[in-house]
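Let me begin by presenting the structure, written as structure tokens, before commenting on it.
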Amino acid sequence: MYASGGMPNYTYSWSNGGTTQNISALQAGTYILTVTDNNNCSAFDVVSILNSNPVIGAQPIIGVGSTLNQFTSCSGHVSDEQTLAVLAYNLSGNVTVSSPAGYEVSATSGSGFSNSIILTPSSGTVNTSIYVRLTSSAQNTASGDITLTSTGANTILIPTLALSLIHISE
């Protein structure tokens, strides 16, 4: 993990008790890393280990290299898009990306948004970015999971959370 910003001399605290910048030999599961700078300001990240002992050439694997921040939009307008990095390998079929009610996904920044998209692997691999945004008709606190699936692969669920602002004109 790499920390930047704030005042250097960072301390690291992992939810499993680790206190170093990088840890290894982790079991499959979810870990939270809290980084605190020299001014005692903290930030955190969630790290998910899907398979602690992957074997290349074995089971199809889908991974996502980022998470989503809270979405905010004004009622009647789409939110700014957020990006998710997707890496999948050993695939025998397409990756389907589906969004919950109130959200849209696209394989192209700024256009092509819909409730689901298909990512086609090249030589069994997908290495791309997808884009997620809140729809213009989303209700307050729309939530659910962005879902990534492919035949034989683990299903990935990326949680969403929205805050819609109501525009009041006088």
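Express the accessible area of the chain per residue in Å², computed with a 1.4 Å probe while the remaining protein chains stay in the model. Provide the component values of the computation, followed by the final result.
On the way: 9850 Å² over 170 residues.
Computed with neighbouring chains in place, this is 58 Å² per residue.
For the stretch 29-44, the Karplus equation 6.51 cos²θ - 1.76 cosθ + 1.60, evaluated at θ = phi - 60°, returns couplings of x, 10, 10, 10, 9, 10, 10, 10, 8, 5, 8, 6, 8, 10, 9, 9 Hz by residue, with Gly and Pro reported as x. Within the listed set T147, T155, T36, the residue fluctuating most in the Gaussian network model of the chain (springs between alpha-carbon atoms under 10 angstrom) is T36.
Placing pseudo-labels 7 Å out from each Cα toward the beta carbon at L161 and N22 gives an inter-label distance of 3.0 nm. Ligands, DNA and RNA left out, the accessible area of the chain computed with a 1.4 Å probe is 50% carbon and sulfur.
Across the stretch 98-105, coupling constants 3J(HN,Hα) worked out from phi with the 6.51/-1.76/1.60 Karplus curve, θ = phi - 60°, read 10, 10, x, 3, x, 10, 9, 10 Hz, and Gly and Pro carry x.
Classify the chain as rounded, prolate or oblate, taking a ≥ b ≥ c as the square roots of the eigenvalues of its Cα gyration tensor: rounded when a/c is under 1.5, otherwise prolate if a/b is larger than b/c and oblate if not. If you can, show how the numbers build up before the last one.
Numbers: a/c = 2.37, a/b = 1.09, b/c = 2.17.
Oblate, since a/c reaches 1.5 and b/c is not below a/b.
Label positions at N69 and L87, each projected 7 Å from the Cα along the C-beta direction, are separated by 2.3 nm. Think of each Lys and Arg Cβ as +1 and each Asp and Glu Cβ as -1; about the Cα centre, that makes the dipole of the chain roughly 320 debye.
The values are calculated or read from the model by the stated rules, or taken from the named source; none is laboratory data. Quantities reported herein were computed from a predicted structural model and do not represent experimental measurements. Because the Cβ atoms are built from the backbone with ideal geometry, glycine has one as well, and the counts that use them run over all protein chains shown. Areas reflect the complete protein model, heavy atoms only, side chains present, ligands, DNA and RNA absent. Shrake-Rupley method; radii C 1.70, N 1.55, O 1.52, S 1.80 Å.
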